[in-house]
Amino acid sequence: MQSRSFSETLAAALEAGTVEHYRDAALYDHEYGRRRDDVRYYRALAAETRGPILELGCGTGRLMVPLVRDGHEVVGVDAAEPMLERLRARLIRLRPEDRERAEVVRGDFRALALGRKFPLVICPFNAFMHLYTRDDVERFFATVRAHLQPRGLFVFDVMNPDLRWLSRDPTRYWARTRFRHPTSGAMMVCSTRITYDAALQICFMHNRYERADGRGRARIVRLTHRHFFPLELEALIHYNGFRLERRDGEFDGSPLEPDSEEQICRCRLR
């Protein structure tokens, strides 16, 4: 049997790293449910801009549900059906008048055609980092251009690359964390191993979940992220038809610094 080519192996790894992390939506919510700084930021942004919102990469609704509760009309788009199932279940529990302001769309945000434009388009919590190639980036920005009103605002956030973190020993698992699984109730231990391909600028993460009592087999969940360096990101924004209006390094409005963890980009059409 002929071995797979490098391109086939890479494509398979990217596909796994794009979907596996989002299959267990309950665990996803458990891991990120306490992340609130970005929720406060985008809620304030929505109050400032008003009007309908398009959220690209809405996941389980960690951000979308608060926005809807605030009185905003939100169209949420995501490719992961398990995440959207959990989002729909959360929306059902809202008041009817809130629920009516929410629309859920399953789709690839590189190839979206809703036939309408929004004053605010957002892509929160590193969803942009699943754009692995120049073609992915260009198709994504084309989607945003097609759905953003002429004077509208496009805002997204990605991690600011940390070369110390990306240079960790790729043969070792680290950051062991104990937690109780939200569905099974079993005590679990999670640890992470990463391999960073500097040529591709892609970090391949392997999250290992195992029972704390040592029973059963460990489960490996893959996650991949393309890292965008600040000047590179600024160029991509410019050459895809946008003007970088402002870039912060934290969700409290702090400027981008060398040790900032985030890049929060506010963009408008040129």
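Computed from the coordinates by the stated procedures, all read-outs in this text should not be read as laboratory data. For clarity, every value in this text was computed on a predicted model and none was experimentally measured. Here the Cβ positions follow ideal geometry from the backbone for every residue, glycine too, while neighbour counts run over all protein chains shown.
Worth a mention:
- Per-residue Karplus couplings for the stretch 192-201, computed as 6.51 cos²θ - 1.76 cosθ + 1.60 with θ equal to phi - 60°, are listed in order as 10, 10, 10, 10, 9, 8, 5, 6, 8, 6 Hz, Gly and Pro entered as x.
- Relative packing of 161-173, 29-41, which averages over residues the other C-beta atoms within 10 Å, highest first: 29-41, 161-173
- Take 147-158, 48-59 and order them by the average number of nearby Cβ atoms within 10 Å per residue, most first; the result is 48-59, 147-158.
- Calculated Rg/Rh (Cα atoms, Kirkwood Rh) (choose from (1) 1.35; (2) 0.96; (3) 1.05), label: (2)
- Simple label model, 7 Å out from Cα along Cβ direction - Phe179 to Phe6, nm: 3.6 nm
- Qualifying trypsin sites (Lys or Arg not before Pro) in the stretch 82-131, DSSP loop, other Cβ atoms within 10 Å at most 15: Arg93, Arg116, Lys117
- Taking packing as the residue-averaged number of other Cβ atoms within 10 angstrom, the listed peptides 183-193, 208-218, 11-21 run from highest to lowest as 11-21, 183-193, 208-218.
- Along each principal axis, taking the top coordinate minus the bottom one, the Cα set of the stretch 163-226 gives 40, 19, 17 Å in descending order.
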